[in-house]
């Protein structure tokens, strides 16, 4: 697995490719934890380049969704296809994260714009 | 037929999946089916490697995969502690994110991706047979 990490403020995108084997899952979990420990609350995982994942890999996304929620944010998934999409659907992990066909779809209004500041009269 | 005699080392799982992928190509299994059967092998054999033997003890794991009329048959044997995966409770997939367990999806995946699972404790060995309906191939 290779992971490209793009960080902007409290948003972080993980662009993943290859096979997410158990050893890769440990590495990815550590990367996600490091970002969430550093105030990231909006997470995006693009799996368009991923062609294999098992249950050890899936745990990372369940855990990431929980971490994002605990930080007051949200985790999104994009680019699921083929066997990887099937594995997410069987386990319903795709329902725990908001799922989009492409990274560009997932990036619409994400992270959401901050609440408008109400100016005192 | 693919037959591998392995031991409880995660490196062996990588070797098994690579050997299966090459074998699957020769028998004409399509790519997604091959990847999904690799998931099954990761769950079943990975579980044996991690939990069947006491920490620090080396033990055998043998895997035999063959194409039979209308199906693929995967037979996995180990000499570890008795473990019947057919008795594992299903995970709760409907719980809210806050309550959702992080693990416990492996046997659910196996049950979902194959058509039959048979377990026997036989001569001090766990013997697990997995059957997957499959009508294609180069036979």
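Read the figures in this text as sums done on the coordinates, not as results from a lab. On a predicted model such as this, the values are computed, not experimentally measured, just so you know. Note: ideal-geometry Cβ built from the backbone for every residue, glycine included; neighbour counts use all protein chains shown.
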Gaussian network model of chain A, springs between alpha carbon atoms under 10 Å - residue of A:26, A:51, A:38 with greatest fluctuation
A:38
Efficiency of FRET between residue A:115 and residue B:101 - r from beta-carbon atoms, R0 30 angstrom, step 0.05:
0.35
Could you check which residue among B:44, B:55, B:127 shows the biggest mean-square fluctuation in a GNM of chain B with a 10 Å Cα cutoff?
B:55
Protection proxy ranking of A:90-98, B:10-18 - average other beta-carbon atoms within 10 Å, highest first
A:90-98, B:10-18
FRET efficiency for residue A:105 and residue B:88, using Cβ-Cβ distance with R0 set to 25 Å, rounded to 0.05
0.10
Taking the 0 to 90 degree range and rounding to the nearest ten, how far is the long axis of helix A:55-70 tilted relative to the main principal axis of chain A, both from C-alpha atoms?
10 degrees
Please compute, for peptide B:97-106, the average count of beta-carbon atoms on other protein chains lying within 10 Å of each residue's beta-carbon.
6
Could you calculate the FRET efficiency of residue B:1 with residue B:55 from 1/(1 + (r/R0)^6), where r is the beta carbon distance between them and R0 is 25 Å, rounded to 0.05?
0.15
The protein assembly as shown - share of DSSP beta bridges that are antiparallel (%, nearest 5):
70 percent
Give the shape of the stretch A:1-117 as rounded, prolate or oblate, defined through the alpha-carbon gyration tensor: a ≥ b ≥ c are the square roots of its eigenvalues, a/c under 1.5 means rounded, and otherwise the shape is prolate if a/b is larger than b/c and oblate if not.
prolate
Which ordering of B:53, A:52 is given by a fewest-first count of other beta-carbon atoms within 10 Å?
B:53, A:52
Added length on full extension, which subtracts the Cα-Cα distance from 0.36 nm per residue, residue B:62 to residue B:118
18.5 nm
Nearest 10, in degrees from 0 to 90: the angle of helix A:82-91 to the longest Cα principal axis of chain A is 70 degrees
Nearest-ten-degree value, helix A:22-37 long axis tilted from longest Cα axis of chain A:
10 degrees
Taking neighbour Cβ counts within 10 Å as the exposure measure, how do A:53, B:74 sort from fewest upward?
B:74, A:53
Considering only C-alpha atoms, what is the centroid distance from the stretch B:1-72 to the stretch B:94-119, in Å?
19 Å
Over 24 Å, how big is the tail of the calculated P(r) for chain B, in percent of all Cα pairs?
31 percent
What is the distance in Å between the Cα centres of the stretch A:1-45 and the stretch A:72-121?
14 Å
Listing A:107, B:1, B:37 by rising number of other beta-carbon atoms within 10 angstrom, fewest first, gives B:1, A:107, B:37
